[in-house]
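Novice: Next up is a structure, given as structure tokens.
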Amino acid sequence: MSARPPAATGAGGPIKDNDHIRSDPAAFIGAYERARRQLGKLKGVVGVGYGLKATGPRFTNDLAILVYVMRKKPNDSLAEDQRVPPTFEGYRTDVRLFTPVTKHIARCNDDTAYPDVHGGVQIEAWGQDTPKDLVSNGTMACIARTRGSAEPDNVHLLTCQHVLLDPDIKTKPNDGVYHPYKPRTVAGHPELAHGTLLGRIDKNHVYKGHVDQNGNPVDTPTGDPPDYPYLETLPATFDGFYVDAGVVHLDLGSYCWGGKCPTGDNNLVWSPLIPNLNVPGPMPPGLQEADRDAVVDVRDVRTDQSIFGAKVYKVGRSTGRTVGVVTAINVPAHDILTLTEDGLETHRVRDIRYNTVEIILDPATPNQLNCLFKNAFSDLGDSGSLILDGANRAIGLLITGGEVPDQQTGQFKSHACFITPVLDVLNVYVETTTGKSHGAKNATDGSGAGPRTVVTEPAASTPGVVLVSYNRVGARGAAVPGSAIDLTDPQREHVLAIREEILATPRGEALYTSFIELRREIAYLVRACRPVTVTWHRNKGPAFLAHLINHLRGDAQTMPQEIGGISRAELLTRMCDVLAAHGSNPLRQAIGRHRADLALLATGATVHDMLLALRETEHAGVSA
């Protein structure tokens, strides 16, 4: 493993730049959490996130810890202990002026009454107390279903809570949700003449507030936007993510959720697609042309720095398909509706800016503007839109968009909830195609259509010796990682000696422990998840694994660095990427922790060479 790239130098010493962060993401997240607790105590701070640093009106590519304040003050007017330092534990900081979200008028609306219900369409909640002349707009994100249910009418639409229970439209539980609008006669609004009742609001299936890492609701304080240390208002154990979401059971005619669909047989037609998503260009590896408008998988990006600067997409009823970039996560974003009604503070959401080509925007360039001729990712009525990455993986739920530009960059901002807490608190999964990640239809951890998958491994011929296996075969009959090796007594002694050498190295022990905990999932993904299977075989995984097994058993002195034009480094890098994309949260986190150590496995002709490299990096003080 090569030494870390030299760091830039700032007033406070060497700066831990993007290369440093990518080489040790766990250390950055740890520093961020400490900064959130420490800098959040400063007067006037309303939130601490992390993302791209801005210089004047332009975003840079530098990752930084972002400190949001209600008002910026000159440093010399603040006591020294109330100043935000230029770096925190060596990482850049950036003070951002917090701009509250405001309402504005939606234009270029798609009011089409579609024959099927699908993601991106206009929906309207309506009740007996709703003002007759009021026209409200919202977007259906996609089709979702209750986890673990096999019922044929287990079909729901996903959207925002405030689209369903908005104080302005005076809706309440058991009120109807329609597409595109509640049928009525209002002068000047011919689009309101027709509409279909989709289902009714059930208070047990909408949620607005904060949830913890596992999607369990947590109590958070209410109040006006604070000019005091915001973290002092939160419980000491608070680690919550803001959620503004709800699902409505579609009335398909057989029965309705809670018996609250007295409309008879609607015979609704629904589709899991999001028409016009149309990600341009070749489909990503492992995806088919049929997936172009489909939600392929779910992606948890709560601690994923690779999302910054990457394009994200949404289809909303007001601005249609737009492209943006995530510029910050874990930011504060007070919802104007809840702020005026119950003062609920929002923390730990994402900041998305409109973008088609690059982060720096030019309003004079037509192809960089949405249909409102504005550099905004969203507008009023787009709330509830599903946000996806370039591989058609759901990453968030759009909750707000601003009419007032950011005071520093001049750009209009949008905010989104992370998708995983949304699905967890509502106990639903997204109707995806091939993906198996947490919250996808085919998830194996119990968060999808079926129960948690328990992979039963064959008993090892030698108890306690678990590294890799020939006992388990993949989709093409070749070996996959995950089980035990059939060993003779001499081979057993050889493997045990190698295992003891691994466990004698702290980083080797950590890597071994993670593999033991996750080997069953890795084996399952290699066998049953098509993108993982394809990556494994295209990059000579079975051949490399066969050489590794022979080496571990003592049948081969060395292992090849390259097979069929594919290097060991290429195999490991590509497998890390595809397993992180399709695996569970624990697997994704383990890959993040051990990626630097895994790179060492690409070097050396023997296991002893690899362990020597591990020990050398430990002695040099380079963390994994």
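The values are calculated or read from the model by the stated rules, or taken from the named source; none is laboratory data. Because the structure is predicted, anything quoted here is derived from the model rather than measured. For neighbour counting, all protein chains shown are included, and Cβ atoms are generated from backbone atoms with ideal geometry for every residue, glycine included. Accessible surface is based on the protein model in full, side chains and every heavy atom, while ligands, DNA and RNA are left aside. Shrake-Rupley method; radii C 1.70, N 1.55, O 1.52, S 1.80 Å.
Novice: Need one value: the accessible area of V218 in square angstrom, 1.4 angstrom probe, rounded to the nearest 10.
Specialist: V218 exposes around 40 Å² with every protein chain in place.
Novice: Let me check something: with ligands and nucleic acids excluded, how do T433, T55 order by accessible area (1.4 Å probe), largest to smallest?
Specialist: Result of the area sort, largest leading: T55, T433.
Novice: Once the other residues with Cβ under 10 Å from the Cβ of W270 are scored (Lys, Arg +1; Asp, Glu -1), what is the net sum?
Specialist: It works out to a net charge of -2.
Novice: Rank these by accessible area, largest first, 1.4 Å probe: K311, K413.
Specialist: K311, K413
Novice: Given the whole protein assembly as supplied and a 1.4 Å probe, what does the accessible area of C142 come to in Å², nearest 10?
Specialist: Accessible area, nearest 10 Å²: 0 Å².
Novice: Hey, another quick one. How do T319, T87 rank by accessible surface area computed with a 1.4 Å probe, from largest to smallest?
Specialist: Result, largest first: T87, T319.
Novice: At a probe size of 1.4 Å, how large is the accessible area of M70, to the nearest 10 Å²?
Specialist: 50 Å²
Novice: Treat each spin label as a single point 7 Å out from the Cα along the C-beta direction, and report the T513 to Q561 distance in nm.
Specialist: Taking the two extended label points, one gets 3.3 nm.
Novice: Evaluate the distance, in nm, between pseudo-label points positioned 7 Å from the Cα of T573 and of T60 along their respective Cα→Cβ axes.
Specialist: Distance between label points: 2.6 nm.
Novice: Report the local net charge at D81: Lys and Arg +1, Asp and Glu -1, summed over other residues whose C-beta lies under 11 Å from its C-beta.
Specialist: +2
Novice: Counting only other residues whose beta carbon sits under 15 Å from that of A556, what net charge do I get with K and R as +1, D and E as -1?
Specialist: 0
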